[in-house]
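The values are calculated or read from the model by the stated rules, or taken from the named source; none is laboratory data. All values derive from a computational prediction rather than experimental measurement. Virtual Cβ from ideal backbone geometry, glycine too; neighbours counted across all protein chains shown.
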């Protein structure tokens, strides 16, 4: 079985993305890793190149600034990296620059990759998500956060990154047929120094504006006020991936949950009850969970 990782990134240092940790968390599960590095102003390419020179393959790219509406440029960059995945790979493992896989989940992910490698009905493997907000101690409890998404897909099937690169679709816009991977994605996109968070928000607002919007200079940006947006939060009771521990130890800002942070809407409470008692997730899905039947290979002991 051959698996290849892929991602895209630009200005990771300036925007304080944990891209090194993201890539390193996937390396034990893949044979090679493709990174589409957009032209950056902060040494991002050198950072990526230093991670695992024998395993990393860099694709230099230019972001198309005309693809701003709906964050389409993010999907375009994802597709560039995916296109560089070798055709003989059984799986392509996608990770975004602010996502990390927990080492405790490696055995389950490996088992799922091996088990369904020959099951052609399966387009991809589904991951559970843990979204952090403000600090490494708080997670999003609202159903505005997506709870599951596809991060391992079949290369060579015409699968493409969908909309703003949250997930994937098959040709014709059809949803992927997926099974659980047994793994989790720890999403740290809303956890960084408030100044870096302000830079990221300034840039991303521009990426969702109409075509022709002037480029933004993110270097002189005020700090982001985390408590300006009330979200339902809950304390994190688990363990973080080991690869992120050093970054957590460097945290140098204080985060206080906003007023009403424990308040979840009736709709969210109902969705949580349904998911807990039935396993059914009520919300937007880029995928369709299937029962693969008997088309699996024996798992090696």
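Each residue in the range 1-32 was checked for being assigned to a strand (DSSP E or B) and at pLDDT below 95, and 0 of them qualify.
Restricting 258, 214, 222 to those that are under 16 Å from residue 16 (Cα atoms), part of a loop (DSSP other than H, G, I, E, B) and modelled with pLDDT under 85 reduces the list to 222.
When each of 233, 207, 176 is tested for being at negative phi, buried (at least 16 other Cβ atoms within 10 Å of the Cβ) and modelled with pLDDT under 80, the lone residue that passes is 207.
If you go through the range 42-65 and pick out every residue that is surrounded by 12 or more Cβ atoms within 10 Å (Cβ to Cβ), outside any strand (DSSP E or B) and touching a residue at least 24 places away in the same chain (Cβ under 8 Å), you end up with 10. Note on the range 183-199: residues that are surrounded by fewer than 19 Cβ atoms within 10 Å (Cβ to Cβ) and modelled with pLDDT of 90 or more total 1.
For residue 97, work out the one condition from (1) farther than 20 Å from residue 164 by Cβ; (2) in contact with a strand residue (DSSP E or B) (Cβ under 7 Å, 6 or more places away or on another chain); (3) part of a loop (DSSP other than H, G, I, E, B) it doesn't fulfil. That leaves (1) as the condition not met. Taking the range 81-110 as the range and being within 19 Å of residue 40 (Cβ to Cβ) and surrounded by fewer than 19 Cβ atoms within 10 Å (Cβ to Cβ) as the test, only 84 passes.
Restricting to the range 262-290, and then to whatever is part of a loop (DSSP other than H, G, I, E, B) and modelled with pLDDT of 85 or more, can you tell me which residue is nearest to residue 153 (Cα to Cα)?
Once the filter is applied, the top-ranked residue is 286.
Suppose the filter is surrounded by 20 or more Cβ atoms within 10 Å (Cβ to Cβ) and either touching a strand residue (DSSP E or B) at 6+ places or on another chain (Cβ under 6 Å) or at positive phi (or both); does residue 124 pass it? Taking the combined requirement at face value, the residue satisfies it. Number of residues in the range 139-159 that are in contact with a strand residue (DSSP E or B) (Cβ under 6 Å, 6 or more places away or on another chain) and within 15 Å of residue 78 (Cβ to Cβ): the value is 7. Considering the conditions (1) in contact with a strand residue (DSSP E or B) (Cβ under 8 Å, 6 or more places away or on another chain); (2) outside any loop (DSSP other than H, G, I, E, B); (3) surrounded by fewer than 18 Cβ atoms within 10 Å (Cβ to Cβ), residue 35 is excluded by exactly one of them, (3).
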